[in-house]
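To keep things clear, I will list the structure first and then write my remarks on it.
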Amino acid sequence: MKQYWMAASMLLVMASGAAAADLGSKAPVVVAPGASPIATWTGLYLGVTAGAGSAAVDHADAYLDFQGKSSVKVMSWMAGGTVGYNWQVKSFVLGAEADLSYSGFDKKSTMYYGGVLLQSKMNWFATTRLRAGVTLDNVLIYATGGAVLANVEHTSEWNTFAYCGKTKSYVSCVDKSQLGATFGGGIEAMLLPNVSFKAEYLRLELPTISTTGKDGYKQTWSDSANIIRAGVNYRF
């Protein structure tokens, strides 16, 4: 009987040693089915944008100073593409982004006296900006600012609507690309792997253009715009 107790004791010690060895080994990591991966914003991305906005052009004519300045205002659409890169450090994200958009800003107005007509148009604009923000789970909230290049056309003329060079009745005309400043902010959500959706506001400010009309008087044009747009980005 004593021999049986000794044998049982030896088996118990051996089993305890084997269990301790198993506990000391590294257990494999098991990912729960359906668990969402943690979002990372670091990397290159391409995207598309579309939205609407309002543009304003403040116009002044030295010949008509007694009537003060006038503005041409218009609301329209815009659409374009985006390329950018983000760097994420913990919950902070710093990025650089560039985009090109075509717009439908085009306004004709009768101003001042008689048949003086104003026309203003923004054909396209491109921005190069820095972005800085913080993440909340899969959501990025950011501020942005940088430079904008926009192509604008402005004409003041008598009696007929036509842009620069299309009639002989224009008093002053401008057709050029202007370099200015832009700033704004937005929110972006990574709702699918490698795909994010954003909503963004941008303010565009262009420098004043000065011209001398065919009548010999100075005219000035100052462009600005407020843009609200949505976009989809794909990360590589």
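Couple of notes before you dig in:
Residues are listed down the side, and each one gets a yes or a no for (1) under 25 Å from D223 (Cβ atoms); (2) open to solvent by less than 50 Å² (accessible area, probe 1.4 Å); (3) modelled with pLDDT under 90; (4) out of contact with any Phe, Trp or Tyr (no Cβ under 9 Å at 6 or more places or on another chain):
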residue	(1), (2), (3), (4)
A39	no, yes, yes, yes
G47	no, yes, no, no
G51	yes, yes, no, no
H59	yes, yes, yes, no
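- Residues that are more than 11 Å from M78 (Cβ to Cβ) and either open to solvent by less than 30 Å² (accessible area, probe 1.4 Å) or part of a loop (DSSP other than H, G, I, E, B) (or both) within region 223-232 comprise D223, S224, G231, listed in sequence order.
- Among the residues of region 183-225, those identified as of a type outside the set (K, R), closer than 30 Å to D58 by Cα and within 12 Å of the chain's Cα centre (by Cα) are F183, G184, G185, G186, A199, E200, Y201, L202, L204.
The values are calculated or read from the model by the stated rules, or taken from the named source; none is laboratory data. Since this is a predicted model, take the numbers as computed values, not measurements. All Cβ positions, glycine included, derive from the backbone under ideal geometry; neighbour counts span all protein chains shown. Note: accessible area is taken over every heavy atom of the protein model, side chains too, but ligands, DNA and RNA are not part of it. Shrake-Rupley method; radii C 1.70, N 1.55, O 1.52, S 1.80 Å.
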